[in-house]
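Inspection log for the structure reproduced underneath, given as structure tokens.
The values are calculated or read from the model by the stated rules, or taken from the named source; none is laboratory data. Keep in mind that what you see is a predicted model, and the values were worked out from it rather than measured. Here Cβ is always computed from backbone atoms with ideal geometry, including for glycine, and neighbour counts include all displayed protein chains. To get the accessible areas, we keep the full protein, side chains included, count just its heavy atoms, and leave off ligands, DNA and RNA. Shrake-Rupley method; radii C 1.70, N 1.55, O 1.52, S 1.80 Å.
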Amino acid sequence: MSRVFVTGIGIISAVGTSVAANRSALQSGKSGIGLTSNLNSRYAADLPFGAITMTTDAFREKFGVADPGITRTTLLALHAFSEAITDSGLTRAELSDPRMALIGATTVGGMCLTDELYRDTTQPCNASPYLSSYDCASVNLFLHSRYRMNGFVTTINTACSSSANSIQYGARLIRNGLADKAIVGGVDSLAKFTINGFHALQILSPAACRPFDRNRAGLNLGEGAAFLVLEGEEALAGKRAYAELTGYCNTNDAFHPSALSLQGDGPCLAMAGALQSAGLNPADIDFINTHGTATENNDEAESRAMLRLFGEVPPFASTKSYTGHTLGAAGAIEAVYSILSLRHQELYPSLNFDEPIPGLELQPIQEYQTGTIRHAMSNSFGFGGNCASLIFSNVN
């Protein structure tokens, strides 16, 4: 089976519209979470979000997209996708090659325009421009068409582990000889649909989130997108590689529709499976970019899972304290952050941490630091117990 390398990355989040801007924010401990006026929600004036300040109209103008049915979700994906393929130096011929796959992930998709579609259904009209984009697959079908791609394309929605699973899927296609290259990642925009849903679950924090803190009060929703270009070693042909994707695993603890098992069974199995896939031992992991949502359930379950598997837990942090929880984009955004840690041999701290969870006593990194990082693990755990872990390794 072919080894799989990352040759291009692209990202947009609440802390920056490029890879360089995101890294700068992580280095300086600058969070993008706060109140926003760029959001159509009754909760915008009261709850903090990880919102991107660039307006939808500005994205339309930048990319020359006039169709009102093309959603903010798709435009965010287009922004990160274009940076990733430029970074990798992919040619139009490579993009059009039937052995170039596109595996994208999202949870909201075109549902960010639910109100607009509903309005059209209540008025006399022949058609609505929002209907064709309502399907989750619309984001990746748009990218596939705009870049005249001819290879395999699919969309994954496994809640908050979606884009981590898209990365795994792309790697499996390459390793099994079904694709030479794959563009993988995910996107989600802030939308009333998801904000109202999470508010109903009573897990939105009234202040900036506090991952792994004793006094954590819930998550902050965010928006963003990230894509990675994966290539098999045979297709590299001397190109620069940021990192090697050495291990991955997906599990499901089937414990509860919106909670992890109290002992972290699914997370523990996902991390253990990723280690086995990579041929590594727990002691080989130098850093864990945790799922770290700052909800009562997740942080306790993930902490217990890390203690079960590692015993002495390696340095870890949650970058959701910068971006908010970006749902279907989270796995890809945090994969990019893990790759930046490897590439630059630096670790980015969790924000807003004061006291550890009683009985667990784990403390995330609280200051920016440099060191030797050979293998970084990135965790993404979704509703329904869908758990994914990725391991990226240094190629230097």
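Things to note:
- Three semi-axes of the equivalent ellipsoid, the chain, Cα gyration tensor, whole Å, largest first: 30, 27, 18
- Cβ-defined net charge surrounding I203, 11 Å radius [Lys, Arg +1; Asp, Glu -1]: 0
- Å² of accessible area per residue within segment 207-311, as computed with a 1.4 Å probe and no ligands counted: 35 Å²
- Charge tally in the Cβ shell below 12 Å around N215, where Lys, Arg are +1 and Asp, Glu are -1, N215 excluded: -2
- Fraction of the pair-distance distribution of segment 145-264 above 23 Å, Cα-Cα pairs, percent: 48 percent
- Apolar share of the accessible surface for the chain: 50 percent from carbon plus sulfur atoms, 1.4 Å probe.
- Computed with a 1.4 Å probe over protein heavy atoms only, the accessible surface of segment 1-114 comes to 39 Å² per residue.
- Cleavage-rule hits, trypsin sites (Lys or Arg not before Pro), segment 136-240, DSSP coil, Cβ neighbours within 10 Å at most 16: R148, R214, K239, R240
- Whole-angstrom gap from segment 150-168 to segment 71-108, using each part's C-alpha centre: 13 Å
- A Cα-only calculation for segment 263-378 places Rg and Dmax at 13.2, 36 Å.
- Dividing the C-alpha radius of gyration of segment 122-171 by 2.2 N^0.38 Å, with N its residue count, gives 1.49.
- R210 contributes about 60 Å² of solvent-accessible surface, heavy atoms of the protein only, 1.4 Å probe.
- Computed Kirkwood radius, in angstrom, where 1/r is averaged over Cα pairs of segment 278-330: 12.1 Å
- Listed residues S380, N394, Y348: farthest to the positive end of the dipole of segment 322-396 (Cβ charges): N394
- Each Lys and Arg Cβ is given +1 and each Asp and Glu Cβ -1; about its Cα centre, segment 293-396 then shows a dipole of about 480 debye.
- With K and R counted +1 and D and E -1, the other residues having a Cβ less than 14 Å from that of N150 yield a net charge of +2.
- If you take the Cα centroid of segment 20-42 and the Cα centroid of segment 197-257, the two points sit 17 Å apart.
- Based on C-alpha pairs under 8 angstrom that are at least 6 apart in sequence, the chain has a relative contact order of 23 percent.
- For segment 108-194, the spread of Cα coordinates along the three principal axes comes to 51, 28, 14 Å, biggest extent given first.
- Spherically averaged projected area in nm², based on the convex hull that wraps the Cα atoms of segment 60-163: 7.5 nm²
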